[in-house]
Structures are given as C-alpha cells and as structure tokens.
Amino acid sequence: MNDIAQSSSTAERGHSADVFHTECFACAPIHEQGLRLQFESSGIQTTCHTEITKAHQSYNGVVHGGILATLLDATMIQCLHHAFGGDPLTSRLDIRWRNIVQIDTPLTVTACITSRRGVHGWAHATIMQNDRVCVTARGTFKVVESLRGPAN
C-alpha cells in the first residue's frame with residue numbers, strides 16, 4: 001500500500017484540523033492581522049471556507065495575489081500535515097490565475113495530496129468562488145519531523 005492510501009485509511013473522517021502553527025499569519029486564531037483560516041480535513045483532502053476583506057485587497061474589490069497564494073499554500077500544508085504529520089515546508093508553488101477573486105465574497109479552498117515519496121509530498125489546490133474555478137496551484141513540499149520546538 002502506498003503512503004497516500006495508508007494515511008487516507010487511517011485518517012479521521014471530517015476532522016476539524018488542528019492549528020499546528022500557533023503564530024501563523026494564515027491559520028493562527030490569535031494572530032490579530034492574520035487570516036485566521038479554519039480547515040476541515042478528511043483523508044487526503046482538506047477544505048477551507050473563508051471570506052477575504054478589503055484589508056487584503058490589491059485592485060479595488062480584488063483579493064491580493066499574495067493572499068491567494070497564501071490560501072493555496074496554507075491549505076496544501078494543512079492537508080499534508082493532517083495526512084502525514086510533521087511540518088511541511090514549501091519547496092515549489094506553481095499558481096494559475098483563471099478568474100478574479102472578489103473581496104467580501106465567500107470562497108472555498110480545497111487541497112488534495114497527489115503523491116508522496118520519502119520526505120517529499122505533492123499536492124494540488126483550487127480556489128472556488130461563485131461556482132467558478134478562480135485559482136489553481138500545484139505544490140511540492142518537504143515534510144520535516146517538527147519545526148515547532150518546545151512549548152513556551
């Protein structure tokens with residue numbers, strides 16, 4: 001059985017993913033300027049439902065591209081962490097913008113693991129808004145044991 005099938009069969013279904021980056025801009029609930037993303041993980045897939053405000057726009061009414069990259073990256077990292085444990089580090093992120101993502105409008109980010117070999121994992125992610133694919137990404141990650149160190 002490959003690594004993905006094994007993690008999928010042992011992963012808790014519909015699990016509300018834990019925050020393993022306690023000071024992360026993307027997902028830490030205590031980060032005042034952060035996105036405070038929340039994830040749901042099931043097997044090899046992770047989903048995030050959110051809405052980006054004017055504070056993170058670029059052009060008038062449009063979500064900043066760096067924020068979109070962060071959404072995709074964070075969701076893929078959470079997906080890999082849920083499936084394999086450890087701390088995934090982004091090695092490569094390839095993004096395709098297809099449609100504008102509007103501020104103050106609900107969106108959904110979905111990530112899925114595509115493969116794993118040793119300490120390396122690959123995933124893809126999609127941002128959907130108003131039933132349209134807006135942004136897609138493929139990522140390559142190195143999953144290290146832990147970067148968190150001892151608790152404060």
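Which is in contact with a Cys (Cβ under 7 Å, 6 or more places away or on another chain) and surrounded by fewer than 13 Cβ atoms within 10 Å (Cβ to Cβ), of 117, 92, 98? It would help to see each step written out before you state the result.
Working: 117 fails: in contact with a Cys (Cβ under 7 Å, 6 or more places away or on another chain); 92 fails: in contact with a Cys (Cβ under 7 Å, 6 or more places away or on another chain).
Being in contact with a Cys (Cβ under 7 Å, 6 or more places away or on another chain) and surrounded by fewer than 13 Cβ atoms within 10 Å (Cβ to Cβ) holds for just one of 117, 92, 98, which is 98.
Which ones in the stretch 122-152 are small (Gly, Ala, Ser) and modelled with pLDDT of 95 or more?
123, 125, 137, 139
Residue 95 - would you say it is touching a residue at least 24 places away in the same chain (Cβ under 8 Å), of a type in the set (Val, Ile, Thr) and out of contact with any Lys or Arg (no Cβ under 9 Å at 6 or more places or on another chain)?
For residue 95, the condition - touching a residue at least 24 places away in the same chain (Cβ under 8 Å), of a type in the set (Val, Ile, Thr) and out of contact with any Lys or Arg (no Cβ under 9 Å at 6 or more places or on another chain) - is not met.
The values are calculated or read from the model by the stated rules, or taken from the named source; none is laboratory data. As the structure is a computational prediction, the values presented were derived from the model and not from experiment. Note that we place each Cβ from the backbone using ideal geometry, even for glycine, and neighbour counts take in every protein chain shown.
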